[in-house]
1. Please go through the range 67-78 and give me each residue that is in contact with a helix residue (DSSP H, G or I) (Cβ under 8 Å, 6 or more places away or on another chain) and either part of a strand (DSSP E or B) or surrounded by 18 or more Cβ atoms within 10 Å (Cβ to Cβ) (or both), ordered by number.
2. Are any of the residues in the range 79-89 part of a helix (DSSP H, G or I), surrounded by fewer than 21 Cβ atoms within 10 Å (Cβ to Cβ) and in contact (Cβ under 8 Å) with a residue 12 or more places away in the chain?
3. Could you say which residue among 47, 53 is loosely packed, with under 15 Cβ neighbours inside 10 Å and either on the phi < 0 side of the Ramachandran plot or of a type in the set (Gly, Ala, Ser) (or both)?
4. Determine if the range 59-66 includes at least one residue that is surrounded by fewer than 17 Cβ atoms within 10 Å (Cβ to Cβ) and charged (D, E, K, R).
5. Filter the range 70-89 for residues that are over 11 Å from the mean Cα position of the chain (by Cα) and either more than 22 Å from residue 38 (Cα to Cα) or among the β-branched types (Val, Ile, Thr) (or both) and give the result.
6. Tally the residues that are charged (D, E, K, R), at pLDDT below 95 and in contact with a helix residue (DSSP H, G or I) (Cβ under 9 Å, 6 or more places away or on another chain), restricting the search to the range 37-64.
7. From the set of residues in the range 90-105 that are of a type outside the set (S, T, N, Q) and either within 15 Å of residue 33 (Cβ to Cβ) or in a loop (DSSP other than H, G, I, E, B) (or both), which is farthest from the chain's Cα centre (by Cα)?
8. Taking only pairs six or more apart or across chains, which ones have beta-carbon atoms under 8 Å, a first residue in the range 41-58 that is more than 16 Å from residue 104 (Cα to Cα), and a second residue that is loosely packed, with under 13 Cβ neighbours inside 10 Å and not charged (D, E, K, R)?
Amino acid sequence: MVERDAQDDEAEPGPPERAADPRGCYVEGVKITMYTMKHCPFCRRAKQLLDGKGFAYEEIDASHDDALRTWLVEETGQMTVPQIFAGERSLGGFSDIDALDRQGKLDPILRGEAG
């Protein structure tokens with residue numbers, strides 16, 4: 001896991017350049033990015049799920065970045081965290097990836113095998 005605070009960036013507000021970010025985490029070509037906030041129990045559960053499966057991901061703390069949280073709502077339609085992306089694809093939050101995992105669909109998505 002690579003963790004960084006969104007406040008550390010000097011760039012304009014909005015999503016990090018996921019495809020070009022050299023700090024990103026890739027599994028067979030798919031970058032997994034998780035937007036979180038401090039003290040979020042569902043964020044911890046999502047991290048535990050991905051950690052348990054051995055998937056690397058970049059964690060971006062959106063706790064103190066209003067512009068980033070606004071972008072997340074615009075991008076995903078959700079006001080909650082975590083928000084997990086596989087490449088440019090929004091997978092939703094913990095309950096969404098947990099449901100995908102229970103259906104046997106999460107691993108192929110995270111490995112880039114599913115569309």
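1. Going residue by residue through the range 67-78, those that are in contact with a helix residue (DSSP H, G or I) (Cβ under 8 Å, 6 or more places away or on another chain) are 68, 78.
Listed by number, the list holds a single entry, 68.
2. Quick first cut of the range 79-89, residues part of a helix (DSSP H, G or I) only: none.
The answer is no; no qualifying residue exists.
3. Numbers: 47 fails: loosely packed, with under 15 Cβ neighbours inside 10 Å.
Among 47, 53, only 53 is loosely packed, with under 15 Cβ neighbours inside 10 Å and either on the phi < 0 side of the Ramachandran plot or of a type in the set (Gly, Ala, Ser) (or both).
4. Checking the range 59-66: at least one residue is surrounded by fewer than 17 Cβ atoms within 10 Å (Cβ to Cβ) and charged (D, E, K, R).
5. Step one: list which residues in the range 70-89 are over 11 Å from the mean Cα position of the chain (by Cα), which gives 70-71, 73-80.
Selection gives 70, 73, 76, 80.
6. Qualifying residue count, the range 37-64: 1.
7. Taking the range 90-105 and keeping what is of a type outside the set (S, T, N, Q), we get 91-94, 96-102, 104-105.
Next, only the ones that are either within 15 Å of residue 33 (Cβ to Cβ) or in a loop (DSSP other than H, G, I, E, B) (or both) stay: 91-94, 96-97, 104-105.
Values: 91: 8, 92: 9, 93: 8, 94: 10, 96: 12, 97: 11, 104: 19, 105: 17 Å.
Restricting to residues being of a type outside the set (S, T, N, Q) and either within 15 Å of residue 33 (Cβ to Cβ) or in a loop (DSSP other than H, G, I, E, B) (or both), the top hit is 104.
8. Every condition considered, the pairs that remain are 42/95.
The values are calculated or read from the model by the stated rules, or taken from the named source; none is laboratory data. None of the values given here were measured: they were computed from a predicted structure. Positions of Cβ are backbone-derived with ideal geometry, glycine not excepted, and every protein chain shown enters the neighbour counts.
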